[in-house]
Each structure stands twice: as structure tokens, then as C-alpha cells.
1. Of all the residues that make up the range B:114-140, how many are touching a strand residue (DSSP E or B) at 6+ places or on another chain (Cβ under 8 Å) and surrounded by fewer than 18 Cβ atoms within 10 Å (Cβ to Cβ)?
2. Which one of the conditions (1) farther than 30 Å from residue A:92 by Cβ; (2) loosely packed, with under 12 Cβ neighbours inside 10 Å; (3) free of Cβ contacts under 8 Å to residues at least 12 places away in the same chain does residue A:233 fail to meet, given that it meets all the rest?
3. Kindly indicate which of A:144, A:177 is basic (Lys, Arg), crowded, with 22+ Cβ neighbours inside 10 Å and within 14 Å of chain B (Cβ to nearest Cβ).
4. Could you count how many residues in the range A:44-92 are hydroxyl-bearing (Ser, Thr, Tyr), exposed (fewer than 14 other Cβ atoms within 10 Å of the Cβ) and under 20 Å from residue A:287 (Cβ atoms)?
5. Would it be correct to say that residue A:85 is without any contact (Cβ under 8 Å) to a residue 40 or more places away in the chain and not in a strand (DSSP E or B)?
6. State whether the residues of the range A:149-167 include one that is more than 14 Å from chain B (Cβ to nearest Cβ), outside any loop (DSSP other than H, G, I, E, B), at pLDDT 95 or above and over 20 Å from residue A:283 (Cα atoms).
7. Would you mention how many residues in the range B:107-125 are within 10 Å of chain A (Cβ to nearest Cβ) and over 22 Å from residue B:295 (Cα atoms)?
8. Being facing chain A (nearest Cβ under 9 Å), part of a loop (DSSP other than H, G, I, E, B), of a type outside the set (Phe, Trp, Tyr) and out of contact with any Gly (no Cβ under 9 Å at 6 or more places or on another chain) is the requirement here; does residue B:197 meet it?
2 protein chains.
Amino acid sequence: MQPLVRFFSSARVIDGNAIAKQVLEEVRGDVNALYEQYGRKPGLAVILVGARGDSQAYVKKKVDACKACGIKSFSYRLPETAKQKDVLEIINELNRNPECHSTLVQLPLPKGMNQNAVLDQIAFEKDVDGFHPFNLGELCITTRVPRFVACTPTGCMEMLKRSGVPIEGRSAIVLGRSQIVGLPMAMLLQRANATVTIAHSKTPNMPELCKKADIVVAAIGKPQFVKGSWLKKGAAVLDVGINLIRDPSKKSGLRMVGDVDFESALPQAGVITPVPGGVGPMTVAMLMRNTVESARRFFKAQGPLSKEAREAAAKEPEYTCPTACHG
Amino acid sequence: MQPLVRFFSSARVIDGNAIAKQVLEEVRGDVNALYEQYGRKPGLAVILVGARGDSQAYVKKKVDACKACGIKSFSYRLPETAKQKDVLEIINELNRNPECHSTLVQLPLPKGMNQNAVLDQIAFEKDVDGFHPFNLGELCITTRVPRFVACTPTGCMEMLKRSGVPIEGRSAIVLGRSQIVGLPMAMLLQRANATVTIAHSKTPNMPELCKKADIVVAAIGKPQFVKGSWLKKGAAVLDVGINLIRDPSKKSGLRMVGDVDFESALPQAGVITPVPGGVGPMTVAMLMRNTVESARRFFKAQGPLSKEAREAAAKEPEYTCPTACHG
């Protein structure tokens with residue numbers, strides 16, 4: 001430990017929790033303003049199939065965030081043995097439901113379900129996760145404004161923006177090319193006029209490529225993969241990885257780490273996101289923002305409620321989903 | 001001129017005309033095989049609005065290629081003054097027409113028409129140009145098989161393949177990020193496991209980036225922009241540019257050149273496509289291939305015609321489009 005040297009040379013750590021809190025406060029304000037204007041509240045439906053612990057925890061976080069922001073949430077919990085057609089039926093119902101402006105299916109789905117078929121069933125106007133090919137396609141086309149962009153990369157962009165990291169004309173590398181993070185991340189950086197390289201498991205020279213990049217996004221699912229020695233001095237480093245590694249010093253015997261070797265990266269990077277407390281909380285915050293933006297589009301098309309309807313709606317109890325499987 | 005040195009060190013020039021001819025012959029064989037199996041022929045509809053000379057020439061090339069391959073073509077020619085709703089009506093009719101398996105609208109559309117709205121109206125199952133956001137989105141997702149990919153980048157991939165250029169694990173740079181060439185090109189190279197960099201007008205260091213690339217695709221619309229000195233020795237260079245420059249030595253006073261400075265690139269590249277006679281003819285050939293693949297999917301779903309229907313169909317005159325605006 002060389003505290004003095006480190007004090008002068010180490011990266012600014014981006015506080016994902018603090019930025020997420022800020023975003024959630026803004027969303028809460030937007031929800032109130034929409035209610036003032038239209039007499040309606042945004043609604044988010046979450047479908048969970050099976051009983052994976054991590055998925056349940058993620059769903060709980062999303063539902064809690066809805067509550068905190070004043071967004072109506074409808075959560076559907078189906079058993080592991082549910083049939084694909086049951087999920088599709090719920091999605092169809094939600095596609096028609098005017099109270100629901102956003103629908104997400106918690107991934108992964110149980111084996112035997114066709115993830116693409118399920119995701120494609122969500123009306124692309126309600127595809128708050130931005131996983132529908134139509135929405136991903138619109139993201140790729142610079143002359144279009146995409147309706148929805150996946151929440152994790154949107155959160156990364158928001159952190160760059162609020163941390164004052166310049167993007168236009170800079171070089172960026174995205175490690176990983178998934179539909180959920182890597183690919184949309186590359187497209188967002190590209191839209192912001194960075195020169196983007198998409199690296200992946202078949203890339204032979206990742207350290208060399210990272211060394212050239214002003215912005216490094218690690219979303220490759222390998223614990224502590226990116227070393228400080230790979231980084232250009234002063235680079236912005238966004239760590240999307242969530243990996244559990246053995247750590248006998250912890251009560252659980254496990255420790256959560258990212259795809260970046262934080263210790264060695266810290267003195268080299270200009271700004272860096274930690275794991276946990278970096279990208280993670282931003283994902284839920286951006287989900288809330290996407291939900292509100294979706295509702296705004298629907299409300300704009302539908303127009304405000306009449307005075308009478310507004311008064312009637314105010315007296316109504318909170319919406320309860322009529323479906324038997326509603327949890 | 002140093003003929004000897006050049007003989008030993010210059011690039012292999014990829015003959016787009018020859019490869020396109022080969023592809024068209026294969027397509028002709030596929031059309032015949034489909035007719036044998038299903039008693040049906042693939043159909044391509046081309047919609048042209050206005051009277052631009054270049055657009056008319058492109059449409060003629062496409063219709064001629066259909067004839068040469070045994071594909072039915074329906075061409076619709078509307079005046080410059082046509083309304084957007086007229087175009088949408090024709091597209092809707094074609095979406096329902098079981099004889100049409102592929103629909104394309106020749107771009108650019110006249111000013112005042114919303115290109116996105118028109119392209120989105122084409123059923124994505126018939127979007128032979130691959131411009132629909134749904135099809136572009138599927139192309140981006142490596143776990144999916146896209147129905148259609150834009151013809152120019154598909155033609156580039158075919159030329160790389162037939163010229164024996166390895167792609168997996170190699171570095172590629174795509175100059176340009178249009179929906180029609182650059183973006184889908186980058187996605188195709190990425191799917192083939194190249195490490196792809198997308199460069200564009202805001203990229204400050206293109207020469208330096210090109211120097212690192214095993215594969216360079218120039219689709220940036222600037223005549224003779226990429227210089228030989230930018231290239232890595234032995235790189236594969238695909239030139240998508242079509243630019244007219246002044247040339248007093250020509251009768252027309254004009255000469256067609258690509259986005260690559262061919263003369264200086266020739267001694268440096270490993271393989272290179274010329275302009276004209278490189279990427280251009282491949283685009284039409286891939287359009288024919290896309291049309292046949294689309295028809296194959298429709299035929300597979302519909303099943304073969306009965307013996308009676310097949311005999312009746314064989315006696316029918318060639319399909320004539322009932323729409324008044326058909327040209």
C-alpha cells in the first residue's frame with residue numbers, strides 16, 4: 001500500500017448507488033408530473049417463471065423500485081413447470097392491457113422454453129428491456145430514435161454522462177457482444193460518435209486493444225479478467241460483470257467481483273465503476289426511467305382523462321391483476 | 001510504372017462480375033430445383049417512385065437478373081408526385097400476395113416521403129433488402145438466424161469467402177455505419193468472429209486504425225479516400241464506394257471510382273475489389289439469392305402444389321400485376 005501515490009494517481013470511483021438514487025428521484029418527479037397532466041400512472045409488468053434465487057431477488061428489486069417511484073407494478077409468478085403457452089397468454093393479455101405500459105420477462109427462462117419466441121411476443125411498444133429485435137434494430141440505425149434500449153447499457157451511458165466523460169471522437173472497446181449488454185452498449189457508444197471496437201472470446205489481442213481505448217466496457221463474464229496493465233492511463237472503465245469467487249475471509253465463503261481486476265485497474269483508470277455498487281443499481285433505475293418514457297408515449301397518444309374519469313380513478317383501489325397466477 | 005515489382009507485390013483483384021455470375025447460376029439452379037419440388041416460382045416485387053436515372057438503371061438491372069434466373073418480377077413505377085399512402089397501399093397488397101415472396105422499395109424516395117414509415121410497412125418476412133429494423137435486430141443477435149441481410153454487405157462476405165480470406169479471429173474495420181452497408185457489414189463480420197471496429201466521420205485516426213486491420217471495408221462515400229499507405233501489408237480491401245469524379249480523358253468527362261485509392265492500395269493489399277466490377281454486381285446477385293431463400297421458406301410452409309394445380313399453373317400466362325400503376 002502506497003497511500004500517497006495512490007491518492008494522487010488512482011481513479012475516481014463512480015458511485016452507482018448515488019447516481020441511481022438521483023435517477024430514481026427524477027423518475028418519481030416525472031411520475032408525479034405525468035399524473036398531474038394525464039391523471040394516469042405508469043405501469044410495469046414483470047413475469048417470473050421458476051424459483052431461481054437470483055431471479056427472485058432481481059424481481060423484488062424491480063417491484064420495490066416501482067413502489068418507491070409511484071409506478072404500478074404487476075408481477076406474475078409461474079412455476080418452473082409452466083408451459084410456454086401460459087407465458088405467451090399472459091404476454092398477450094398485457095399487450096392489450098392499457099394499464100400496462102411496459103412488460104418484462106425475467107431471464108433466464110427454464111430450459112425447454114424458447115426465449116426468442118417469448119421475447120418476440122412482447123409488443124415492441126411495451127418492450128421495456130429493449131430485447132425485441134425491432135427495438136435493437138432501431139438502436140442500430142442512427143437516423144432513428146429507438147423506443148427502448150436495454151437497461152444495463154443505458155445505465156452505463158448515464159454514468160459516463162453524469163461523470164463528465166467525453167464520448168464523441170473517443171475510442172471505445174466493448175468486451176462481449178450479448179443482446180443484453182455488449183451489443184446495445186456498442187451501438188449506444190457508436191450513436192454518441194465514439195469509434196467502437198467489439199471484442200469477444202475469439203479476439204486474440206484484447207490487452208493490446210484495451211490499451212488504445214479511452215472507454216472500456218467489460219461485459220464478458222470472466223472474473224477479474226481485465227488487468228490494470230491493459231488499460232490506457234486515464235481510461236473510463238465500466239465493469240458490467242457480476243461474478244462470485246471463493247473468499248474464505250467472508251462468512252459465505254464467496255465474494256462478488258466484476259470482470260475487471262479492480263485493484264490493479266484503480267491506479268491506471270481515470271474513472272471506474274466498482275462491483276458491487278456500480279452498474280448494478282443503475283440497471284433498475286434505467287428500467288424505471290424506460291417505464292416512465294413508455295407511459296409518456298401512451299399517455300400522449302391517449303390524451304388526459306376527463307375530470308370525472310380522473311376522480312373515479314382516484315377512488316379506485318390499486319389495480320389487482322385478474323390472472324390466477326398473479327403473485 | 002514498375003511492372004516487375006508490381007507483378008510480384010500487388011494484390012489479387014477480386015472479380016465481382018465473375019463471382020456474381022457464379023452466384024446467379026447457382027440461383028438459377030435453385031429456382032429450377034424449387035419448381036421441381038413445389039411447382040412454384042419465387043417472386044420479387046420492385047417499387048420505384050420517381051424517375052431518377054440511376055434508380056431506373058438499378059431497377060432495370062434487378063428485373064433483368066430476375067429474368068436470367070427464372071424469378072418472377074413485379075415492378076411498380078409511380079410518378080415523383082405519388083403520395084406516400086399510394087406506396088403503402090401497394091406494399092400492403094404485396095404483403096398479402098402469395099406470389100410475391102420479396103418486396104423492395106428502390107431508394108432514395110422523393111423528398112417528403114417518410115422512408116422509415118415506408119420501409120417498416122414491408123412485412124419483415126418479405127423484406128428482401130434486410131432494411132427492416134426487425135431483420136437488422138436479428139442480425140445483431142448471434143443466437144438468432146436473421147431472415148434477410150442487406151445485399152451489399154452479404155455480397156462482400158461472399159467475396160471474402162470465395163476468395164479464401166480468413167475472418168475468424170482477424171481484425172476488421174468498417175468505414176461507415178449506414179443501415180444499408182456499414183452497420184450490417186460490421187454485424188456480419190462480427191458474427192463470423194472477426195474483431196470489428198466501426199469507424200465514421202467522427203473518427204479522428206482512421207489511417208492508424210486501418211493500418212491494424214486485416215480486413216478493411218470502405219463504405220463512407222468519399223472518392224479515393226483510403227490510401228495505400230493506410231493499409232496493413234496483405235490486407236483484404238473491399239471497396240463499396242460508387243463515386244463519379246471528373247476525368248477529361250473520358251468522353252462523358254466523368255469516371256467512376258470507389259472509396260479506396262485503387263492505384264496506391266494495389267501494391268499494399270492482399271486482395272482488393274475494383275470499382276466498377278467489384279462489389280456492385282454482387283449486390284444484385286445477393287438480391288436474387290435472398291429472393292430464392294425467402295421463397296423457399298414460404299414454399300416449405302405452404303407445401304407443394306397438387307398435381308392438378310401444378311398443371312393448371314403451368315398453363316397460366318405469366319403473372320400480370322392488376323394494379324393500375326404497374327409499369
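1. Summing the residues that are touching a strand residue (DSSP E or B) at 6+ places or on another chain (Cβ under 8 Å) and surrounded by fewer than 18 Cβ atoms within 10 Å (Cβ to Cβ) in the range B:114-140 gives 1.
2. All conditions are met except number (3).
3. A:177
4. Of the residues in that region, 0 qualify.
5. So residue A:85 fits the description; yes.
6. The answer is no; no qualifying residue exists.
7. Result for the range B:107-125: 2.
8. On the way: facing chain A (nearest Cβ under 9 Å): yes; part of a loop (DSSP other than H, G, I, E, B): no; of a type outside the set (Phe, Trp, Tyr): yes; out of contact with any Gly (no Cβ under 9 Å at 6 or more places or on another chain): yes.
No: the conditions fail for residue B:197.
The values are calculated or read from the model by the stated rules, or taken from the named source; none is laboratory data. Worth saying up front: this structure is predicted, and the values here are computed from it rather than measured. Reconstructed Cβ throughout: ideal geometry from the backbone, glycine too, with neighbour counts over all protein chains shown.
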